[in-house]
Amino acid sequence: MAAEAAVREQAEAVRRLKQDKADPDEIAKEVAKLLEMKAQLGGDEGKHKFVLKTPKGTRDYSPKQMAIRERVFNAIIACFKRHGAEVIDTPVFELKETLTGKYGEDSKLIYDLKDQGGELLSLRYDLTVPFARYLAMNKITNIKRYHIAKVYRRDNPAMTRGRYREFYQCDFDIAGQFDPMIPDAECLKIVHEILSDLQLGDFLVKVNDRRILDGMFAVCGVPDSKFRTICSSVDKLDKVPWEEVRSEMVGEKGLSPEAADRIGEYVQLHGGLDLIERLLQDPKLSQNKLAKEGLGDMKLLFEYLTLFGITGKISFDLSLARGLDYYTGVIFEAVLLQQENDHVEEPVSVGSVAGGGRYDGLVGMFDPKGRKVPCVGVSIGIERIFSILEQRVEASEEKIRTTETQVLVASAQKKLLEERLKLISELWDAGIKAEVLYKKNPKLLNQLQYCEDTGIPLVAIVGEQELKDGVVKLRVVATREEVNIRREDLVEEIRMRTSQP
């Protein structure tokens, strides 16, 4: 117990030194001493007990959960490929300076790594900034790419709602100089396709433009220096009522009550082409160059979305701000809607499942000559989608297969292990997904039960008589129907019976 008390004292000493911002060498010396004491304590027999848990904000995925997840990934990748995207990958950590200053108020959520070799590094916060770095580094000015990988945020996790510290993002981006709004419209079409395909329920894609927001702030009397901070307040409107947002703007961020009230008149508007037309005639907004540009492009965007036939799910929403600093034009966010009951006029949002926008300046921030590469992209919120599907599967008690095995190679009598191994080897070499039980003489009943439990559809049974006749007995697990198939025809028969309709 004395040793444990000493470790606690040393830990407290280290904490105080850090708090007092003591000399880094002194802190390092004391930390080393603490680690040595902990190591000695751990060495005592039976003293050290492992805490069996995943780190805060992370989770393990069981085979069943991974099967659901793979299904979702496959649907998303199929959509990205349908739209002609190539795939890239980038390191899980970047130089700290690459990520610094790109995320506005969210920068405090970046995970910094301890310097272990002369470079200050941070775990990537999203896939967009690494993509911009990749374009600038490789002097690429034109690419349509997707990237699916884990990102890291030192956020307060809310794991029941699919909010983690380590999670996947599925990004699709179009980089290059193109005519206005054509790539932007395709990104929205992709969101529509994926959310429709996954059958998550009713959804709405909110669209706005950073230029309309900035123009609106200007005509409402917001000082330039407060644009970004007021933007992050407006972004909370989907979660909290206008009164709270207004008091944050005025009380915490020092905006005049008059300016806040003027903003309130605009940010509570949402609609479609009719609203865009109305705002183009707005005496104040139409005088602002930025807002006029943004509204002109928004009108064009809605014309393309009409051609794609998806405007029923799209809403031009002036409260949408998206907090990230790098957006320069169109921004959008898809939310799932939950109809509380028949009497509710407005459906209730249950959270964002996709978001994105145009970021024309980001690549230029990395390019030594400041060359700009216009980009627009979308990120699918896979974790929230996954949480919803997982809950749905639990509720329906649907049986999920966690393997893709097509056939179990079984034997009807004893002493046929060699024959089973010969046959399964033939099947594997022909590309058939097959399993065998790891027992010399398993009972036939146990082998059939294994198929029932795991959902394997077929059993290839070898027996003494079948070997003499040069056939294999193929059993359909669901119907218990059995047919003798010539050994040379077995691969073809299994393929035919297990091919997807």
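Some points to look at:
- Dividing the helix sum by the residues of the chain, where each DSSP H run of 4 or more adds -39500 (n - 2.57), gives a mean residue ellipticity at 222 nm of -13000 deg cm²/dmol.
- Descending semi-axes in whole angstrom, ellipsoid equivalent of region 1-41, from the Cα gyration tensor: 20, 11, 5
- For LEU120, net neighbour charge (Lys/Arg +1, Asp/Glu -1) across residues whose Cβ lies under 13 Å away: -3
- Diffusion coefficient (Stokes-Einstein, Kirkwood radius over C-alpha pairs, 20 °C, 1.002 mPa s) for region 29-153: 115 µm²/s, rounded to a whole number.
- A simple charge model with +1 on the Cβ of Lys and Arg, -1 on the Cβ of Asp and Glu and nothing else charged puts the dipole of region 384-500 at about 300 debye relative to its Cα centre.
- What you get for region 114-212, charging only the Cβ of Lys and Arg (+1) and of Asp and Glu (-1), is a dipole of about 400 debye around the Cα centre.
- Rounded, prolate or oblate (a/c below 1.5 giving rounded, otherwise prolate when a/b exceeds b/c) for region 407-499 by Cα gyration tensor: rounded
- Rounded to 10°, Cα long-axis angle of helix 128-137 versus longest principal axis of the chain: 90 degrees
- Note on ALA78 and LYS414: the model spin-label points, each 7 Å out from Cα along the C-beta direction, lie 4.9 nm apart.
- Mean accessible surface per residue for region 1-88, computed with a 1.4 Å probe while every protein chain stays in place, in Å²: 73 Å²
- Helix 417-429 axis versus longest C-alpha principal axis of the chain: approximately 40°, rounded to the nearest ten.
- Cross-link pairs LYS226/LYS289; LYS399/LYS422; LYS56/LYS226 - those with Cα-Cα distance over 26 Å: LYS399/LYS422; LYS56/LYS226
- Working from Cα pairs under 8 Å separated by at least six residues, relative contact order for the chain is 14 percent.
- Working note: Karplus 6.51/-1.76/1.60 with θ = phi - 60° gives region 286-301 the couplings 5, 7, 8, 4, 4, 4, 5, 4, x, 5, x, 5, 4, 4, 4, 4 Hz, where Gly and Pro are set to x.
- Computing Rg and the Kirkwood Rh from the Cα coordinates of the chain gives a ratio, Rg/Rh, of 1.08.
- Among GLU243, GLU293, GLU186, the order of accessible area from largest down is GLU243, GLU293, GLU186, computed with a 1.4 Å probe on protein heavy atoms.
- With kT/(6 pi eta Rh) evaluated at 25 °C and eta = 0.890 mPa s, and Rh the Kirkwood radius from Cα pairs, region 1-93 diffuses with a coefficient of 133 µm²/s according to Stokes-Einstein.
- Residue-wise HN-Hα coupling along region 182-189, computed from phi with Karplus coefficients 6.51, -1.76, 1.60 (Hz; x: Gly, Pro): 6, x, 4, 5, 5, 4, 5, 5
- Extreme residue, positive dipole direction of the chain, given options VAL87, GLY176, GLY470 (C-beta unit charges): GLY470
- The order of LYS56, LYS189, LYS440 by accessible area, most exposed first and with a 1.4 Å probe, is LYS440, LYS56, LYS189.
- Around the Cα centre of the chain, unit charges on the Cβ atoms of Lys, Arg, Asp and Glu (plus for the first two, minus for the last two) sum to a dipole of about 1160 debye.
- Each of PHE50, THR128, LEU99 was scored by the projection of its Cα onto the charge dipole of region 50-133, and the greatest displacement toward the positive side belongs to PHE50; charges sit on the C-beta of Lys, Arg, Asp and Glu.
- In degrees, nearest ten, helix 257-267 long axis to first principal axis of the chain (Cα): 40 degrees
The values are calculated or read from the model by the stated rules, or taken from the named source; none is laboratory data. Being a predicted model, the structure only gives us computed values, none of them experimental. Quick reminder, even Gly has a Cβ in these numbers, built from the backbone with ideal geometry, and neighbours come from all protein chains shown. The protein model used for the area step is the full one, side chains on, heavy atoms only, and it has no ligands, DNA or RNA in it. Shrake-Rupley method; radii C 1.70, N 1.55, O 1.52, S 1.80 Å.
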